[in-house]
Structure formats: structure tokens, C-alpha cells
Amino acid sequence: MSGSEIDQTQAAAHRLPTLPDLQAWAQALGFSSLGVAALEHPEAVRGGLRAWLDAGMHGEMTYMARHEALRGHPDRLMPGALSALMVTIDYTPAEPDWRAKAWSTLADGQRAFIARYALGRDYHKVVRQRLQSLADRIVEAIGPFGYRAFCDSAPVLEVELATRAGLGWRGKHTLLINRQRGSMRFIGTLYTDLPLAEGKPETDRCGSCERCIDICPTGAIVAPYRLDARRCIAYLTIEHPGAIPGDLRPLIGNRVFGCDDCQLVCPWNRFAEPAVVADFLPRHRLDCASLVELFAWDAATFDARTAGSPIRRIGHERWLRNLAVAIGNANPRSDEEQRVLRQALCARADHPSALVREHVQWALDQLARRAADSDERDPEGQGQRRCDQREADQHGDEGAIAPHPAGKNVRGGRGR
């Protein structure tokens with residue numbers, strides 16, 4: 001290397017931002033942590049991704065296989081990329097008893113459960129905007145540099161990079177866990193052409209705990225650190241475009257968008273910090289709305305109330321599909337509640353979408369079947385229900401009592 005080349009290398013090194021400066025700038029933007037990862041994935045990482053795809057565990061997320069090479073080779077996504085600035089931002093609800101409230105919603109068959117991350121504004125936009133602000137701040141300090149910002153929006157191995165950056169470890173549920181802040185965090189990525197030093201990975205502290213595996217309602221965590229998306233409620237209610245498999249519908253309970261069971265049960269989330277970004281606060285009563293209330297939204301209402309929300313991406317049709325399943329799993333506490341549920345379903349029985357009609361009919365059949373089972377188990381109450389039925393029929397309605405088919409799963413038990 002010539003003297004001029006050495007001088008240029010030393011000058012470039014002096015221009016690099018320090019890790020404490022980067023962390024301070026990130027914190028000022030609402031990020032809870034920042035670390036650095038080198039953009040070169042080991043063959044073992046790429047091989048693990050390949051094996052997961054070969055097993056078909058990505059379901060109908062065809063983009064996962066289509067962009068495999070970009071995930072495994074970051075320089076193909078951004079030529080010249082050398083390091084990634086990995087950041088996290090908390091979305092934990094502000095209430096101290098947020099986990100108890102979440103379990104309470106899951107145990108109440110009349111209310112809809114929406115994954116906590118989706119209660120507020122769309123995190124994709126919020127995080128990317130703040131990553132852009134972070135990049136602008138770096139430019140102010142060192143001048144122009146090459147970068148690209150991502151947040152769950154491109155073929156990036158985010159958890160792998162965040163782990164190597166020292167922001168936590170991959171839990172057995174496959175999510176990033178940090179011992180000071182748990183797992184209720186979004187991950188953001190800023191690919192850069194800066195030769196920054198990689199952080200030190202944190203030790204895996206899951207130990208012998210398998211609570212996340214035991215709690216999964218559908219058994220989607222098929223082994224530690226291995227998720228079969230085809231059985232995951234988050235996949236089924238968000239990514240999956242078609243009919244939800246019949247054997248999995250009763251296990252979904254009242255989860256209409258995503259699932260948090262594996263995070264709610266994780267001991268490390270006792271240390272989760274509340275969100276400091278107001279964008280993630282619940283909107284439109286999504287943290288306490290009833291199934292019937294949300295099922296009544298027409299397409300225009302859905303579009304208006306999910307504007308700027310991650311829920312918007314599934315569209316009104318899948319929204320109704322998910323809610324129909326949840327209503328079919330509901331646990332009416334009275335004949336009146338049963339009547340209201342059936343009435344809501346019947347209002348959608350002739351929906352233009354065959355997908356919606358199928359799931360509505362399934363839900364009606366579920367309520368009717370369990371009502372019949374209840375009559376057989378409780379012959380003394382059958383006469384009263386028939387009286388209630390005749391009275392309801394006079395008003396053009398139907399009523400019955402139906403127990404919940406997946407009670408212990410909805411309450412966070414170990415059933416799978």
C-alpha cells in the first residue's frame with residue numbers, strides 16, 4: 001500500500017462515527033438499542049435458511065424462496081455494503097399489567113385479540129422514517145455515505161444480524177430476546193458502506209425453558225428455534241391468502257390478527273420497557289373491541305380505521321375471514337349473546353366473497369354443533385333453551401349456549 005493510500009485509509013477511519021455517538025443519536029430518535037453487524041453471513045446461516053425453505057415451512061410466502069439469495073448475500077441487495085446498523089424500538093403497552101390484560105382478552109371469547117404490535121400505527125413506516133433520520137444525522141457528522149434502510153420490508157436476516165450486533169439472542173420462538181428489555185421490540189436495519197466493527201453477540205439465556213413451545217396453540221414451534229409458519233397463527237391470519245385449514249380453526253380462538261402467546265409467556269418480558277413512541281399506542285379501541293363490533297365494519301369503515309395500520313395490508317376480505325373463525329370459537333355466556341353472534345354471522349352469509357361465506361358457514365355450524373352437544377349434556381336446561389328458541393324464532397332470531405372448543409389454549413394453557 002502506498003503512502004497516499006495509507007493516508008486515505010487513515011482519513012476514512014477518522015470520518016467513521018463512534019459507537020457511542022451512533023447509540024446516542026439512535027436513542028434521541030426513540031430507538032432503545034443500536035449495534036453493528038458485519039454484512040457477511042456464515043455458510044451455516046445460509047444453509048439453515050435453505051433447509052427451512054426446502055422443508056416448505058414458509059408456506060405460501062413465496063417471496064421467501066424467491067429472494068433467498070438476497071437474504072444470504074447482503075451485498076447483492078446493496079452492492080458495496082459492509083456493515084449494518086441494527087436498531088430496536090419498543091412497542092410494549094404502557095400499562096404495568098399489560099400481560100394480564102392480554103391474557104384477559106384471550107380468555108374472553110367475546111373480544112377480539114390483536115397482536116400488541118399491530119394496535120397502533122404501521123411500524124414499517126415509523127421505523128424506516130427514523131432510520132432515515134439516523135442516516136441524515138450520520139451525514140451531518142461524516143459527510144455522504146452509502147446506505148439503505150429496512151424494517152421487515154426486504155429480504156434481510158434481521159434477527160441474525162441483530163444477534164451478531166449484540167442486541168440480544170434468538171429465542172426458542174425464533175424472536176430476538178434481550179435480558180433488559182425482553183422481546184416486544186421491532187428491529188430496524190440500516191445497510192451501510194462503512195467499515196464499522198461488529199459487536200459482541202450476547203449469550204443465549206433461554207436455558208431449559210420451553211414455555212413458548214408448550215404454549216403455542218397450534219404447535220407451530222416444532223423444535224427449539226424452528227418455526228413451521230404453516231401452523232403459526234400469525235401466518236394464518238396475516239400472510240395466508242386462502243381458507244384457513246379446518247383442523248387449525250378451533251385452535252385460533254379469538255386471535256384475529258397475529259398471536260402473542262409465545263411472548264406473553266416468556267419470562268424475559270417481565271423486563272419489557274413501555275413504548276416511548278406515541279405511534280404505537282392503541283387506536284380505534286383495537287385493544288378492547290368485541291368480535292361483533294369489528295365484524296360489522298364494512299369495507300369503507302375498515303379502510304378508514306386501518307389507515308396507517310399494519311392491519312390494512314390483509315384487506316377487508318381476510319379481516320372478515322379471521323373474525324368469522326373467532327366468532328365460531330366464541331363462548332357465549334347467555335342465550336342473548338348466542339343470538340347476537342348468530343345474527344352477526346347471518347348478516348355476512350351472502351357475502352360476495354366465497355372465502356368469507358365459507359368461514360361464516362363454518363362458524364354457524366360450530367355454534368350449532370356445540371349448542372346441540374350442550375343440550376345432550378344438560379337435558380334439564382334443554383327445555384328452557386327450547387322456550388328461549390321459540391321466543392327468539394318469533395322475532396326471526398336463534399339462540400343457544402355454546403362452550404368454547406379451545407378453552408385452555410385461549411387461556412394460555414399448554415394444549416397444542
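Could you pull out the residue among GLY242, GLY182, GLY219, GLY199 that is within 25 Å of CYS288 (Cα to Cα), of a type outside the set (Asp, Glu) and modelled with pLDDT of 95 or more?
GLY182
Give region 142-154 a look and list any residue that's assigned to a loop (DSSP other than H, G, I, E, B) and farther than 30 Å from GLU210 by Cβ, or say none.
GLY143, PRO144, PHE145, GLY146, SER153, ALA154
Could you list, in sequence order, the residues of region 179-206 that are among the polar types (S, T, N, Q) and under 16 Å from VAL36 (Cβ atoms)?
Answer for region 179-206, where residues must be among the polar types (S, T, N, Q) and under 16 Å from VAL36 (Cβ atoms): THR189, THR192.
Identify the residue in region 173-230 that is within 25 Å of PRO245 (Cβ to Cβ) and among the polar types (S, T, N, Q) and, among all such residues, is surrounded by the most Cβ atoms within 10 Å (Cβ to Cβ).
Going through the qualifying residues, I end up with THR218.
Testing ILE114 on (1) within 26 Å of PRO245 (Cα to Cα); (2) out of contact with any helix residue (DSSP H, G or I) (no Cβ under 7 Å at 6 or more places or on another chain); (3) surrounded by fewer than 22 Cβ atoms within 10 Å (Cβ to Cβ), one condition comes back false. Which one is that?
(3)
Would you check if there is a residue in region 79-86 being part of a helix (DSSP H, G or I) and within 18 Å of GLU158 (Cβ to Cβ)?
No: region 79-86 contains no residue that is part of a helix (DSSP H, G or I) and within 18 Å of GLU158 (Cβ to Cβ).
Would you pick out the residues in region 16-66 that are closer than 28 Å to LEU196 by Cα, surrounded by fewer than 17 Cβ atoms within 10 Å (Cβ to Cβ) and of a type in the set (A, V, I, L, M, F, W, C)?
Within region 16-66, LEU19, ALA24, ALA28, ALA44, VAL45 meet the criteria.
Pairs only if they're at least six apart or on different chains, beta carbon under 7 angstrom, first in region 165-177 and more than 15 Å from CYS209 (Cα to Cα), second of a type in the set (Asp, Glu) and modelled with pLDDT under 95; list them, first residue then second.
Cβ pairs passing all conditions: GLY166/GLU202; GLY168/GLU202.
The values are calculated or read from the model by the stated rules, or taken from the named source; none is laboratory data. Small disclaimer: the values here were computed from a predicted structure and weren't measured. Note: ideal-geometry Cβ built from the backbone for every residue, glycine included; neighbour counts use all protein chains shown.
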